[in-house]
Each structure stands twice: as C-alpha cells, then as structure tokens.
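The values are calculated or read from the model by the stated rules, or taken from the named source; none is laboratory data. Just so it is clear, the structure is predicted and the values come from calculations on it, not from any experiment. Note: ideal-geometry Cβ built from the backbone for every residue, glycine included; neighbour counts use all protein chains shown. To get the accessible areas, we keep the full protein, side chains included, count just its heavy atoms, and leave off ligands, DNA and RNA. Shrake-Rupley method; radii C 1.70, N 1.55, O 1.52, S 1.80 Å.
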Amino acid sequence: MITKSIKHTIAAGLLCCAVGAALTACTDTWDDHYEATLQGAHEGTLWQALKNNSNFSNFASVLEACGYDKSLASSQVFTVFAPTNDQFGAQEAQTLINSYNSQKGSVSDEDNTVVKEFVRNHIALYNHSVSPSTNDTLVMMNGKYASLSATAIAGAPIVASDVNGLYSNGVLYTVGKQVAYGPNVFEYLRKDNELDSVASFLYNSRFYRREFQADQSVPGGLENGKTVYLDSVFTQVNELFGSQFLHARLSAEDSTYWMLAPTNQVWKQLIDEYQQYFVYDKNVADRDSIAYTNSRLAILQGAVFSRTMNGDAALRDSAMSTSAVPASYRAAYWGAPFLRYYQFGDGTGYSSHKPLEPGGVLNGTTNVECSNGVVMKASQWNISPLNTFNKYIMVNANGRGSIKELSKVWNASRKDYDETVEAVPVTVLSGTPYYNQLIGGNSFMEFKPGNDTTSVTFNIRNVMSNMGYDIYIVTPPALAVDTTATAIQRLPTKLTCWLYYHNQEGEKDSTLLVSGQPTTPDIIDYIKLADNFKFPCASYGLEEETPQVFMKVSTNTVSERDRLRNRYTRTMYIAYILLVPHGTSLVDDERFYMMPHNDGEVVYVSKCNTLLPTPEEEQ
C-alpha cells in the first residue's frame, strides 16, 4: 500500500523541480542537498526535533494528524518553518485537525484546505540555508512562491535558523508567526460567499478532477497482471482551463491574471438571460449538460485577462481577454479580420468604452489581491454578448466544408448522379473597384450551370437558439473577375433560398427566405434574406459531421422568353452567407458607404468593415 506521506512527497517534489528549476533555491542536485544536511547536523530527524520540543507541540499535532510525521521522519530532505505555541495556540491546532478530519474522504488530499493552506504552506522540499545576502524565492510544497531572506519567509520573521536547526533530513526554522497563505484566483472564488455560483461551476467534478500520472509514478512490479506502483503521483486537472474554454490556468502560481467574477446576483441574471440561447434538440447527446456548460462559459469566456498580455499602459486603452486572438488569426477563427471578439475598449462598436473608465468592462469592480493576480468582483456586468459569444457567422462559399452539396441529376446509363453545377474558385482582380471590398477577403465562388438547374447547399454551423439574426447572401459581380465581361455575362441572377434547421423534437424544419430574388449587376450585392430570424434550436459548440442547419441557394429556371430577351443568367457568383446579430450593421466609425439590397433599405459597408450600430441606432 502506498502511504499518504509518500504521495505528498513525490507530488510536491515534481512540482518543485518543474516550477522551481529556474530558482536559485532549487538549483542544486539531490546529493548536494542531502550531503549538506550531514555537516554539523543535530542527531535525529526533523520530526524528532519537532516532537521533542514542547514549544512546537501544537504545530506537531497538526502535522501528525495529517500524516506528515511520516514524511518528516523519512530520508527525504525538507525545510520546515515552524511557529511556536506562542504564535499558534492549542485551540487553533484543534480547529485545523477537526477541519482536516471533516474533509477527509470527501475531498482529495490535494484539495484538503488544511493540508494545502497550512501544512504544505510551512514546508519546502530540500535544504534551504540562509545568509546575510540571501534573497531567494522558494516553492513551498503547496506550489506557492515565498520570498526568503536572512530574516523572513513570506513576511513571517525567522527567529532561529539553521545555526541551531540543522537535522539529518533538513533544516528547521522557528518563525515568529504563521506563514500567511495567499489564495490564488481559482482558490479565492471558493472562499467568497458572494461568488458561490461561479465557484460551483468551476469546481464542478465533471471538469475538476484528480488524475493519476503513470509516467511520473514509480512502478513496483506486477500483481495479477497489473502494475503496482511504489510511489503514485496524482495531479488536479481542470479541463475548463484549457485552450477550448477559458485559455487560462487560474490555479497556476507562475501566471498572473485579472478575472472578472460576477456576484451571485449577477450570475443568476445572466444565466436567466443566456440559457435561452443554448436550447438543443432532443436528439443531441447530453444536451442538458452541453446547455449547462455553454450558458455558463458564455459568461466567463472573455472575463479573464492575462497580465502578460495586458500591461498597465495597454489597459488604459484596451484589454484582450484570454479568449481573444491576434488580428492575423481572426479570419481563420471567425471569418473576417475586423471581428474583434473578446477584445474590449478598442474604440469600435460595443467595446468602445476604455476598460478602466466608466462603462468599461473592468470598471466598478471590488478588487481582491490574490497570489497570482486579482479577482474583480462585479456587481454589474459590462460585457456585451455582441463582443463575446453572440458572434457574426460567416460562411465563405469557397471555405473548407462550406458546401454541403451541388445539384445533381440521375444518370441512367451510369446508374449514378451527375452534378449539374461546376463550382470554380475565383479571385477579385486587383486594380478593379471591387478589390479589397469583400469583408471576407478577395476570393469567392463561381457556380456554372451544367443544365437548366443550378443549386448549391451551404453548411451553417454554431447558430444559437432564440437569438435574432439578419441573414444576407453576398453576390459579387462578373466584372470583379473579368473586366471584359460582356453584357450577357453581367446579367442578374434570380435566386431562391431555403433555410433548413431542426426543431426541438429533432425533426427537420424549413423556411423559404426569398423566391426569384434578382441580384443587382455590377456591384457587390448584399441581399437581405431574413430580418431577426430566430432558430428554435442551437448548434453552437457541437461537432457536427453533418450540420443540422444549411441553406439551399438555387437559380430560377430561366424561361425561353427571358432567355431570348437576355434578362437573366443562371451563373451564380457567391462570396458568403452572413448571419449578422440583429441590431448591428457593417459600418465604419470614420467612413462608410451604402450598398442597396432588395427591400429598398441599405447595408452600410466600409473599407475597414467594423461592426457598429447604424447611424440611426446611435441616435
């Protein structure tokens, strides 16, 4: 059986070596540390020294109750900072022992607050000596960074050092008060009653769990065909900290974060509003779990800021959360470089307020200093969904996976289907008025008819339920790819568009958006297909091989009369399908121009293509 003390020792040792390798306090080899303890050492171990000194009886009682008497009596080398009974009373000790026992069995040792915040906060691995010039940083057994000088450890005065505290397996320091424990951002959330809701989500066992690390553990042989480990290493893992979610290791002591944490009241208000956007049809596996997770991530994604990426000077103007991406990646993530999600105070759209000023996302908070940053308790929420999860959906016609299928006819001789459309990628010619005027780039698709039927079906992913979308199809002109295009090649195309989606029962449903709608020749035409359309079910966050939402775009059959009069063409030029959050437009904050569409209104399209309210909405 693996003892608890061995698990503590191995896990903490790995942490110290991994994190503290760059620190002077952990640069020596094991032999150097071990040999150092033999020179001028008192007889006995650290545990014997503590047990035999009545001034440390309260401290020793807690160590023994938590199983650390065995560790401190072993050959492993430690440095212990022990408060005397004058600084640590018997009642305090008993309170900690009671707390340890009440948590034992219900939480892992790594999460037991007595072990983490008291025991391991007074012990470091290896032998750490001090001199008048000492100015080091230790990694304590709980992973906390503690400053060490000749006279203090993390602000606690050292009253007796290794001159009279050197033992066979380490150094014993007497400290004038308990070494204060500073919670990190993740830990603090669970200590503040006003933040119960966000803590409950982040500490949920479906995300936060203890995992055995076989590659870091020491195997001891086989029993019944299974490996038995002499020393077992476990680590706490929170998958919400990963790159798919918060992009932030909130428990990491070697990082610095500012985290906006909504109070319980704000959390409830946001959940009540947001959960309607994450309604999945009943055929989606684990739909309740997915809805639970996504509605809460919708609050927190965008609420964590790495101080490495946001210095004091930068934060006066703008703030990039850990979910933001550099400009060069925006097109790959969201379809267009002008979409600045999870970035605040950049002077555009719904993030125009500077972060620290009134109305800014970091304004009006109550701030709590933590060991790896600041928790910013927010009793009001200044983050708009339009800057985070309520994203602009752009389906590039020539993007990978965008085309679901092309129209087909049955070939009896081949006993198979033949496609009736040829899809050809094309690029806007430089030097034309259309160059750099498409918000998604200079490439699009030409769909050439093979017979009288031309249709293409596009996949649409990551829609939200009950969220209003204004839906557009963007059709460039023939002149964009051929400046010598003839009058016949420049004719408009009549479009019919059907939208397909699921209802909450998982059944397919559809809506005819437009029928026989002509494009406008010689312009980049933004045709509005729907105003404030709301899907009954979400596909947001689903990994779909076959997306449940798609749009079929087809040309109307050209009549012989129209053919003779050269009124329409069946060739389609399509750049992309746009699903724009209702109430926003494509507008530049300094200059813009208007593009007509079918209902006589206008879409504002700019060279900078910034997402902003329309001029009428600003009034």
### Query
How many nm is it between the label spots at S352 and A313, if each spot is 7 Å from the Cα in line with the beta carbon?
2.7
### Task
Could you tell me which of the pairs K51/K191; K391/K534; K377/K534 are separated by over 26 angstrom between their Cα atoms in the structure shown?
K51/K191; K377/K534
### Task
Give the Kirkwood hydrodynamic radius (Å, one decimal) of the range 109-223, defined as one over the mean of 1/r across all pairs of different Cα atoms.
16.8
### Summary
Output row, site T484, 7 Å Cα→C-beta label point, backbone N cut-off 16 Å, window the range 427-457, residues 429
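Residue separation times 0.36 nm, minus the C-alpha to C-alpha distance between D522 and D86: what's the value?
On the way: separation 436, 0.36 × 436 = 156.96 nm, distance 8.77 nm.
Once the chain is fully extended between D522 and D86, it gains 148.2 nm.
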### 1.4 Å probe accessible area per residue over the range 212-323, in Å²
49
### Message
For T486, what accessible surface area do you get with a 1.4 Å probe? Give it in Å², rounded to 10.
### Response
70
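Rounded to the nearest 0.05, what FRET efficiency is calculated for S147 and Q380 with R0 set to 41 Å and r the Cβ-Cβ distance?
Values: r = 37 Å, r/R0 = 0.89.
The formula returns an efficiency of 0.65 here.
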### Query
In the range 255-271, which residues have a backbone nitrogen under 16 Å from the label point lying 7 Å from N193's Cα in the Cα-to-Cβ direction?
263-265
### Query
Per the 1.4 Å probe, what fraction of the accessible area of the range 228-379, in percent, lies on carbon and sulfur atoms?
48
### Message
Taking 51 Å as R0, compute the FRET efficiency from the Cβ-Cβ separation of S99 and E544 and round it to 0.05.
### Response
0.60
### Query
So for the pair N283, K534, with labels modelled 7 Å out along Cα→Cβ, what separation do we get in nm?
2.4
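Determine the gain in length on full extension of the stretch V228-F207; use 0.36 nm per residue of separation and subtract their C-alpha separation, reporting nm with one decimal. Walk me through the intermediate numbers first.
Details: separation 21, 0.36 × 21 = 7.56 nm, distance 2.75 nm.
My answer for the length gained is 4.8 nm.
At a 1.4 Å probe radius, carbon and sulfur cover how many percent of the accessible area of the range 88-159? Don't skip to the end; give the middle numbers.
Values: 1410 of 2850 Å².
Carbon and sulfur: 49 percent of the exposed surface of the range 88-159.
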### Task
Classify the range 379-535 as rounded, prolate or oblate from the Cα gyration tensor: take a ≥ b ≥ c as the square roots of its eigenvalues, call it rounded if a/c is under 1.5, otherwise prolate when a/b beats b/c and oblate if not.
oblate
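For the range 471-572, what value does the Rg/Rh ratio take when both radii are computed over Cα atoms and Rh is the Kirkwood radius, given to two decimals? It would help to have the intermediate numbers written out before the result.
Working: Rg = 16.8 Å, Rh = 15.6 Å.
Rg/Rh: 1.08.
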### E505-S75 pseudo-label distance in nm [points 7 Å out on the Cα-to-Cβ vector]
7.3
